[in-house]
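Following: one structure in structure tokens, then a few remarks.
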Amino acid sequence: MKLNDWIFKWHDRQSTTTGVAVYVIWVLLFLGVFNALICNENPLYVRSTEGLHFPAFNDFFHDITLRKRIQQDFPEGKGLYTLIPYSYDSIDKLNMSAKSPLSPQEVKSRRYKHWLGTDILGRDVAAGVCRSLYNSTRVAILATLFSMFLGTFLGLLAGVAGNHRLQMSIPRLLVFAVFTFLFGFYLFVFLKETLWLDLLWLLISMGCSIWAALYMPEIGGKRISLPVNNLVSMLIEIRKSVPALIWVLVLIGIFRNPGLFSTVLMISLIGWTNFARVARAEAMSMVSGNFIAYADAIGVGIFRIMVKHIYPNIRPIIVTMAIFAFTGNILLEATLSFLGMGLPADEVSFGSFFAAAKSNLNAWWLIVFPGVVFFLLVFSLRLVSGKASESY
């Protein structure tokens with residue numbers, strides 16, 4: 001067989017493998033996002049004398065709005081039940097102490113059998129795996145979006161503004177500093193208490209800080225140049241000079257109560273520098289071009305140059321990096337949960353499954369079934385991200 005034939009055959013095989021990986025990702029994401037409609041002790045709907053009720057859909061609504069599920073009271077009646085009659089937190093007292101899927105189980109009928117076994121608390125492993133897919137997906141998506149936005153914005157700002165282009169008067173700089181301090185304060189309070197009123201003040205202070213930095217009119221006084229490039233470069237070097245695990249331990253001490261938003265913030269503060277370095281380097285190379293120099297000469301603002309002229313050119317690179325970051329964030333979330341530093345104890349994740357298997361080595365199903373699903377998810381994402389990187 002000729003060399004060209006081998007090359008085309010290998011390319012076709014790679015394309016087929018990537019296509020299968022995409023389907024695997026979609027199936028796993030479907031199981032995770034719709035876990036409340038697949039694994040639930042509550043019915044999808046129940047018809048009674050009081051009318052129709054949709055308990056499982058209420059749980060699904062709480063999931064997609066990132067809220068905790070609440071205990072529901074609904075009248076008895078005929079209804080349609082989910083495929084797996086257990087929620088991720090349902091405790092089967094008759095099948096506690098990690099029941100194997102191959103051992104006899106005390107269940108009312110074959111429908112209530114734990115096909116993948118139970119954990120030490122009597123929770124269904126199949127429902128836990130679906131919930132783990134949901135938790136890994138939501139944490140990774142939020143952390144990727146936040147780190148991508150933060151890193152890309154700071155990198156573009158550093159590359160375009162440099163050390164002399166962004167100038168502010170002292171009164172405007174003081175207003176910006178005050179609102180930035182308030183933003184950091186309400187962010188800390190929100191992560192500690194998770195009150196929606198604090199989130200409102202957080203968004204208001206963030207908006208005012210951006211307004212002061214980009215749109216606030218000057219109020220007289222001497223204008224000083226802000227060394228944005230040096231500041232961002234210093235932050236990147238500080239982050240890169242200390243291992244990620246050390247940063248995690250420091251942030252754990254600040255956000256003592258584990259939760260969704262604290263976990264997302266920890267992962268984001270670790271991963272934003274990759275986006276910032278690439279965005280900064282690309283912006284600095286483009287700023288020296290003629291069209292950017294012309295836009296700067298006619299008085300086009302820094303923010304407009306960033307959004308209209310530079311970001312569209314680096315967007316494919318940022319999107320490819322986001323796919324890699326999404327995969328890494330899934331791994332990092334599992335690591336944090338394995339160490340007991342991630343999501344709350346009442347939630348289920350791949351890391352918590354692996355931690356439970358470590359303390360009970362005879363319960364092979366606690367590592368095999370979650371491990372296979374976790375491997376398929378990460379491996380498929382790696383294949384897709386590798387294919388995406390070849391495209392750019």
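Here Phe185 and Val307 are evaluated by their C-beta separation; at R0 = 41 Å the FRET efficiency comes out at 0.90. What angle, in degrees between 0 and 90 and rounded to the nearest 10, separates the Cα long axis of helix 311-338 from the longest principal axis of the Cα atoms of the chain? Result, in degrees: 40. Residues of the range 51-68 with amide nitrogen under 16 Å from the 7 Å Cα-to-Cβ point of Leu203? Under 16 Å, as judged by backbone N against the label point of Leu203, lie 65-67 of the range 51-68. Between Thr17 and Val368, the FRET efficiency from the beta-carbon distance, with R0 = 25 Å, is close to 0.60.
Within the set Lys68/Lys108; Lys78/Lys113; Lys99/Lys358; Lys78/Lys108, which residue pairs have Cα atoms separated by over 27 Å? Checking Cα-Cα distances, Lys68/Lys108 exceed 27 Å. Model label sites at Leu83 and Lys240, defined 7 Å from Cα along the beta-carbon direction, differ in position by 4.5 nm. Using the Cβ-Cβ distance between Arg315 and Asp73 with R0 set to 41 Å, the FRET efficiency from 1/(1 + (r/R0)^6) comes to roughly 0.25.
Around the amide H of Tyr45, modelled in the peptide plane, lie the amide H atoms of Leu80, all under 5 Å away and 5 or more residues distant in sequence or on another chain. Is any residue of the range 61-98 close enough, with backbone N under 20 Å, to a label point placed 7 angstrom from the Cα of Arg47 along the Cα-Cβ axis, and if so, which? The answer is 74-83. When the chain is treated as a Gaussian network with alpha carbon springs shorter than 10 Å, the biggest mean-square fluctuation among Arg277, Arg223, Arg382 belongs to Arg223. Over the chain, dividing the summed -39,500 (n - 2.57) contributions of all DSSP H runs of at least 4 residues by the number of residues returns a 222 nm mean residue ellipticity of -22000 deg cm²/dmol. When GluC sites (Glu not before Pro) are flagged only if DSSP places them in a loop and at most 10 other Cβ atoms lie within 10 Å, the longest unflagged stretch of the chain comes out as 107-392.
Laboratory data are not the source of any read-out in this text; all were calculated from the coordinates shown. Predicted, not measured: the structure shown is a model, and the values here were computed from it. Neighbour counts are summed over all protein chains in view; Cβ atoms, including those assigned to glycine, are modelled from backbone coordinates with ideal geometry.
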